[in-house]
Structures are given as structure tokens and as C-alpha cells.
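As C-alpha cells, the structure follows; a few thoughts come after it.
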Amino acid sequence: MKNEIEPINVAIVGCGLIGRKRASVLSPEGCLVACADIDLNQAKNLANDFGAKAFADWRHVMDLPEVKAVIVATRHDSLAEITLAAIKAGKHVLVEKPAARTSAELEPLIAANQNSNVKVHVGFNHRYHRSLRKAKEIISRCEL
């Protein structure tokens, strides 16, 4: 018997370049069910590609019971607020870096997450980028 993974229903908040990249790699483990962007046309364009719902206000995706995880791919000034709302709504979160503008903005997220059953991950997608690995290699050869 084949071990099938049940898809996780995902919402993306921020449907620009990064949101679209995240959406493109969801299957088979993820199913995009909702898209939100302050530019409703951006949300609609991404949603239409995946048969998802589109919203201009990200708060609407937090109320959808079918959404189990939220990808937050917005500007830096709204990352923390949206992530906190997702945690409070009981949604797992992948938030793009830097996750917040200041450490003070992160404190409520950390506190909320400690009292929840959700997973929160910051998308450090450049950690293993070829150029950064090369820079580490060069620096590690230097004597301090």
C-alpha cells in the first residue's frame, strides 16, 4: 500500500514574486486554497492559477477553517502583525525573513507561539545559496 501524504491547505498572504514562488512548490504536500494581497488583482491572478479564493484583506484567510498553514510573504512592515494573527488563529506559519523589523516586534510572536500548538518557521531561503557557501568558505580560510 502506498503511503499517501494528505495535502495541507495553505493560504498565501503577499502574492508578489516571493508568494508566487512559494505557491509553485506546494504540491504534493500543500494545496493553495486562499490568496490575499493588498492588490486584489495580484491575489486574483495567483488564486486563479490554483483554483483558490482571493482576498484584498489578509484577515479573511485567518477565518477560513480549511486553512491549516499560512505563508506570509509581504513587506517587512506587516510580517510580524500577520504572523501573530496566524498564530492566534491556530495556523502554522512560514514567514519570510526578517520576520519582523525589530526584536521587540518578535516578542509577542514568541510569547503567542509558546502557548500554541502551531509551528512557526522563518524562511531563510538564502542560507544554502551557492554564493553564501562560497563566502563562508573564503572567510573560514582567513586567520583571525
Residue list for the range 18-55, filter: modelled with pLDDT of 95 or more, of a type in the set (Gly, Ala, Ser) and under 16 Å from residue 79 (Cα atoms): 36
Reported set for the range 39-74 where residues are out of contact with any helix residue (DSSP H, G or I) (no Cβ under 7 Å at 6 or more places or on another chain), more than 29 Å from residue 102 (Cα to Cα) and of a type outside the set (A, V, I, L, M, F, W, C) is 41, 44, 45, 48, 49, 51, 65, 66
Using beta carbons and a limit of 7 Å, which pairs, at least six apart or on different chains, have the first residue in the range 53-82 and touching a residue at least 40 places away in the same chain (Cβ under 8 Å) and basic (Lys, Arg) and the second one outside any helix (DSSP H, G or I) and open to solvent by 20 Å² or more (accessible area, probe 1.4 Å)? 68/8; 68/9; 68/92
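The values are calculated or read from the model by the stated rules, or taken from the named source; none is laboratory data. Note that the structure is a prediction, hence the values are computed from the model and not measured. Glycine gets a Cβ as well: all are built from the backbone with ideal geometry, and neighbour counts include every protein chain shown. The protein model used for the area step is the full one, side chains on, heavy atoms only, and it has no ligands, DNA or RNA in it. Shrake-Rupley method; radii C 1.70, N 1.55, O 1.52, S 1.80 Å.
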